[in-house]
Amino acid sequence: MNKKSILIIEDDEASRELLRNLFENEYDILMAEDGKTGISYIATHLQNLAAILVSLVMPAMNGYQILQILHSKKISEKIPVILLAAQKNTQIELACYSLGAAAILAKPLVAQTVHLRVTRAIETNQRAEALADTITTMKAELSYQQKRMNQYYDRLLEAISSLVESRNLEAVEHVRRIKGFTEIIAKTYMKLFPEKGLTPAKINMIVQASALHDIGKIAISDAILLKPGRLTEDERNVMKSHTTKGCEILNFLKDVQDLEQHNIAYEICRHHHERHDGGGYPDGLRGNQIPLSAQFVSIADVYDALVSERPYKKPYDKDTAYHMIMTGECGAFNPELLQCLETAREEMEDFSDSL
């Protein structure tokens, strides 16, 4: 393994020789008699440098000017730079330290002191590098584990939601269709209305949470949920309660969910049957009172209900389903969401055909 190098930039020959003798058994020694040569050595040997020792006072280019260059290139952040000063000047020393100097050693040089200070500076730098590498590795591992947790969480939501849907004799694919339609609508909204601040990360949370939109149906009795005929008024009210019952269920999961993810799931579960004109339930919200996440899932849910076969109905063709939503036959939707459906119509149809 190649030894690391120490670069000595010093116009005084005696000082150069003293420093070379101190470190040549441990490091390869590079020596420059002036600042210009020293800068050239730094450029060509940067990756192998353990430390740079530079005289503060030299003709043409002095140590302070060299330090300024190293600071501007962020080199003094990565490699310890030790200055050698013939006279003590507190103001200059403070300026040097502000530019990243690791130490300032007084001339005439005391061999034992120089060796100790330079060695400690190198060791401190190596520990810092090792710590930075460890932090980088830990961040990568945490990112990987978070990604895996998100995948597990996503699959868990699908499994729970598919179980709920299967009680209603609807295809378990309903959950995946809702997620797909929601994602298409949300991404289209982000493109059409960038000023609204919707982000890919937020869309991902909304798509995940959309799987739970009907989780409250698990609290609805089979007699009502599976009834083949029309529901009575009382039965319809019980069926509508799946929105609020779903929120009660979600509250049991609150402690194991990310807070933002929980809030999005909650607003979708409660408000995906609200309508733009206030004609929905359970709270009769209208317009922008309805959370955007719930609006995405709402139009996705209605579209899927229209184009999918159910035990109580045949599927509508896609053209009919599209026009039923656009003309308000399925309740009033936000005009911005209708614009999204119009823009993404072909993509919605292609996704539906792919399942």
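Below are the figures for this structure:
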{"quantity": "Per-peptide average of other Cβ atoms within 10 Å, ordering 327-336, 8-17 highest first", "calculated": "8-17, 327-336"}
{"quantity": "Alpha-carbon Rg/Rh ratio, for the chain, with Rh computed the Kirkwood way", "calculated": "1.34"}
{"quantity": "Magnitude of the charge dipole, region 5-137, Cβ model with Lys/Arg +1 and Asp/Glu -1, debye to 20", "calculated": "380"}
{"quantity": "Under-5 Å amide H pairs with residue 84, H placed in peptide plane, nonlocal only", "calculated": "54, 55, 56, 105"}
{"quantity": "Length added when fully stretched, residue 259-residue 349, from 0.36 nm per residue minus Cα-Cα", "calculated": "29.0 nm"}
{"quantity": "Within region 1-19: backbone nitrogen closer than 14 Å to the residue 111 label point (7 Å, Cα to C-beta)", "calculated": "15-19"}
{"quantity": "Nearest-20 debye value, the chain charge dipole, Cβ charges on Lys, Arg, Asp, Glu", "calculated": "560"}
{"quantity": "Virtual paramagnetic centre 7 Å along Cα→Cβ of residue 289, amide N under 17 Å, in region 260-274", "calculated": "267-268, 270-274"}
{"quantity": "Signed unit charges on C-beta, dipole axis of region 11-50, positive-most listed residue 35, 18, 48", "calculated": "48"}
{"quantity": "Region 237-302: trypsin sites (Lys or Arg not before Pro) falling in loop per DSSP and having at most 16 other Cβ within 10 Å", "calculated": "286"}
{"quantity": "For region 168-354, size of Cβ-based charge dipole, Lys and Arg +1, Asp and Glu -1, in debye", "calculated": "260"}
{"quantity": "GNM top mover of 90, 232, 244 - the chain, alpha-carbon springs below 10 Å", "calculated": "90"}
{"quantity": "Charge-dipole axis of the chain as Lys and Arg at +1 and Asp and Glu at -1 on Cβ define it, positive-most pick from 86, 100, 186", "calculated": "86"}
{"quantity": "Given 74/202; 191/318; 196/313; 36/88, the pairs whose alpha carbons are separated by over 28 Å", "calculated": "74/202; 196/313"}
{"quantity": "Size of region 5-137 as Cα extents on the principal axes (Å, biggest first)", "calculated": "44, 33, 28"}
{"quantity": "18 Å reach of a label modelled at residue 339, 7 Å along Cα-to-Cβ, counting backbone N of region 271-295", "calculated": "276-277, 287-290, 292-293, 295"}
{"quantity": "Size descriptor, Kirkwood hydrodynamic radius, that averages inverse alpha-carbon separations across region 168-354, Å", "calculated": "16.8"}
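We did not get these values from a lab; they are worked out from the coordinates using the rules stated. A quick note: this is a predicted structure, and the numbers were derived from the prediction, not measured. In this analysis, Cβ positions are derived from the backbone assuming ideal geometry, glycine residues included, and neighbour counts consider all displayed protein chains.
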